[in-house]
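Below is one structure, written out as structure tokens; the observations come after it.
The values are calculated or read from the model by the stated rules, or taken from the named source; none is laboratory data. Just so we're clear, the structure is a prediction, and the values are computed from it rather than from any experiment. Quick reminder, even Gly has a Cβ in these numbers, built from the backbone with ideal geometry, and neighbours come from all protein chains shown. All accessible areas refer to the heavy atoms of the entire protein, side chains included, with ligands and DNA or RNA removed. Shrake-Rupley method; radii C 1.70, N 1.55, O 1.52, S 1.80 Å.
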Amino acid sequence: MSEVKPPALLIIDVQNAIDAPVWGRRGQASMEADIASLLSAWRRKGRPVFHVRHDSQNENSPYRPGQTGNDFKVEVTPLDGEVVVVKRTNSAFIGTDLEAQLRQAGITQLVITGVLLENSVDATLRMAGNLGFDVLLPAGAVASIDRTDRNGKLWPAEDVHALSLSILDGEYASVVEVQDLLAAEG
């Protein structure tokens, strides 16, 4: 019988660019602190950590390489030896070797965190599920922004966040609370 590997912590696009004015108002002000708590727990236990950095090809994007927005936020700066996956689309699995690295390490469960819940986190999480990974989504360790729909109605980040979590919970992931995950991981 093979050994069950601990879940990998996947931190998506937590870069300085998320604070750029172009995104508008962001909810979930404690996201960075919640991710930092998870990251600290994973590091303490020597568990696998994967940092995903978005290198936008759009010349107007704050995520474009060569500017401070492309840098990881200080709370989640990778340590030597931690994997950094560079993506150029919304899914961390498209055009990267993330799946191969996870399979090679024998990882079957992912704890997915980061920004934006309704964009890159959603795309990566759905693909992870489609590829057969078991996904945990800590509600406080992902963030959303205010969104205006096609009819011009403004949806506050908190509503976008709540609805996105509800859509993903069950079929695509198991939504959990950060504190419960930290307690379970010891």
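Among the residues of segment 16-28 satisfying the criterion of being open to solvent by less than 50 Å² (accessible area, probe 1.4 Å) and among the hydrophobic types (A, V, I, L, M, F, W, C), which is nearest to VAL135 (Cα to Cα)?
ILE18
Would you point out which residue out of SER2, SER56 is surrounded by fewer than 21 Cβ atoms within 10 Å (Cβ to Cβ) and either touching a Cys at 6+ places or on another chain (Cβ under 9 Å) or modelled with pLDDT of 95 or more (or both)? Show your work before the answer.
On the way: SER2 fails: either touching a Cys at 6+ places or on another chain (Cβ under 9 Å) or modelled with pLDDT of 95 or more (or both).
Result of the check over SER2, SER56: SER56.
For segment 92-108, which residues satisfy the criterion of being buried (at least 22 other Cβ atoms within 10 Å of the Cβ) and small (Gly, Ala, Ser)?
Residue satisfying the conditions is ALA92 alone.
Within segment 54-67, identify whether any single residue is out of contact with any Asp or Glu (no Cβ under 8 Å at 6 or more places or on another chain), under 19 Å from ALA143 (Cβ atoms) and charged (D, E, K, R), and answer yes or no. Can you show your working first?
In the first step, residues of segment 54-67 are kept if they are out of contact with any Asp or Glu (no Cβ under 8 Å at 6 or more places or on another chain); the result is 55-62, 66-67.
Of the ones still in play, those that are also under 19 Å from ALA143 (Cβ atoms) are 56, 61-62.
From the residues that got through so far, the ones that are charged (D, E, K, R) too are none.
No, every residue in segment 54-67 fails to be out of contact with any Asp or Glu (no Cβ under 8 Å at 6 or more places or on another chain), under 19 Å from ALA143 (Cβ atoms) and charged (D, E, K, R).
Taking segment 165-181, which residues are under 15 Å from LEU110 (Cα atoms) and surrounded by 16 or more Cβ atoms within 10 Å (Cβ to Cβ)?
Passing the criteria: LEU168, TYR172, ALA173, VAL175, VAL176, VAL178, LEU181.
Filtering segment 59-91 down to residues that are among the small types (Gly, Ala, Ser) and either in contact with a Gly (Cβ under 8 Å, 6 or more places away or on another chain) or buried (at least 17 other Cβ atoms within 10 Å of the Cβ) (or both), which residue is nearest to ASN130 (Cα to Cα)?
Here is the first cut: in segment 59-91, the ones among the small types (Gly, Ala, Ser) are 61, 66, 69, 81, 91.
Now restrict to residues that are either in contact with a Gly (Cβ under 8 Å, 6 or more places away or on another chain) or buried (at least 17 other Cβ atoms within 10 Å of the Cβ) (or both): 61, 69, 91.
Details: SER61: 29, GLY69: 31, SER91: 12 Å.
Result: SER91.
Report yes if some residue within segment 114-127 is crowded, with 17+ Cβ neighbours inside 10 Å and at positive phi; otherwise report no.
yes
Can we say VAL111 is within 13 Å of the chain's Cα centre (by Cα), open to solvent by less than 10 Å² (accessible area, probe 1.4 Å) and closer than 15 Å to PRO6 by Cα?
Details: within 13 Å of the chain's Cα centre (by Cα): yes; open to solvent by less than 10 Å² (accessible area, probe 1.4 Å): yes; closer than 15 Å to PRO6 by Cα: yes.
Criteria met by VAL111.
Quick check on segment 29-45. Is at least one of its residues exposed (fewer than 13 other Cβ atoms within 10 Å of the Cβ), among the charged types (D, E, K, R) and more than 15 Å from LEU182 (Cβ to Cβ)?
no
Please work out which one of (1) acidic (Asp, Glu); (2) surrounded by fewer than 22 Cβ atoms within 10 Å (Cβ to Cβ); (3) under 22 Å from ALA162 (Cα atoms) is the condition ASP13 fails and give its number.
That leaves (2) as the condition not met.
What single numbered condition from (1) out of contact with any strand residue (DSSP E or B) (no Cβ under 6 Å at 6 or more places or on another chain); (2) assigned to a strand (DSSP E or B) fails to hold for SER91?
Tallying (1) out of contact with any strand residue (DSSP E or B) (no Cβ under 6 Å at 6 or more places or on another chain); (2) assigned to a strand (DSSP E or B), SER91 fails exactly one: (2).
Which residues, taken from segment 161-185, are more than 19 Å from the chain's Cα centre (by Cα) and either aromatic (Phe, Trp, Tyr) or part of a loop (DSSP other than H, G, I, E, B) (or both)?
Step one: of segment 161-185, the residues more than 19 Å from the chain's Cα centre (by Cα) are 183-184.
Across segment 161-185, there are no qualifying residues.
Within segment 150-164, is there a residue that is farther than 21 Å from GLY24 by Cβ, among the aromatic types (Phe, Trp, Tyr) and surrounded by fewer than 20 Cβ atoms within 10 Å (Cβ to Cβ)? Spell out how you get there, then give the answer.
Just the residues of segment 150-164 that are farther than 21 Å from GLY24 by Cβ, to begin with: none.
No, every residue in segment 150-164 fails to be farther than 21 Å from GLY24 by Cβ, among the aromatic types (Phe, Trp, Tyr) and surrounded by fewer than 20 Cβ atoms within 10 Å (Cβ to Cβ).
In segment 98-107, is there at least one residue being at pLDDT 95 or above, over 25 Å from GLY27 (Cβ atoms), outside any loop (DSSP other than H, G, I, E, B) and among the small types (Gly, Ala, Ser)?
Within segment 98-107, the subset at pLDDT 95 or above is 98-107.
With over 25 Å from GLY27 (Cβ atoms) added as a condition, the list becomes 98-107.
Next, only the ones that are outside any loop (DSSP other than H, G, I, E, B) stay: 98-104.
Subset that is among the small types (Gly, Ala, Ser): 100.
Yes.
Please go through segment 118-160 and give me each residue that is within 12 Å of VAL175 (Cα to Cα) and either free of Cβ contacts under 8 Å to residues at least 12 places away in the same chain or in a helix (DSSP H, G or I) (or both), ordered by number. Let's see the steps before the verdict.
As a first pass, look at segment 118-160 and keep what is within 12 Å of VAL175 (Cα to Cα): 125, 134-142.
Scanning segment 118-160 gives LEU125, ALA139, GLY140, ALA141.
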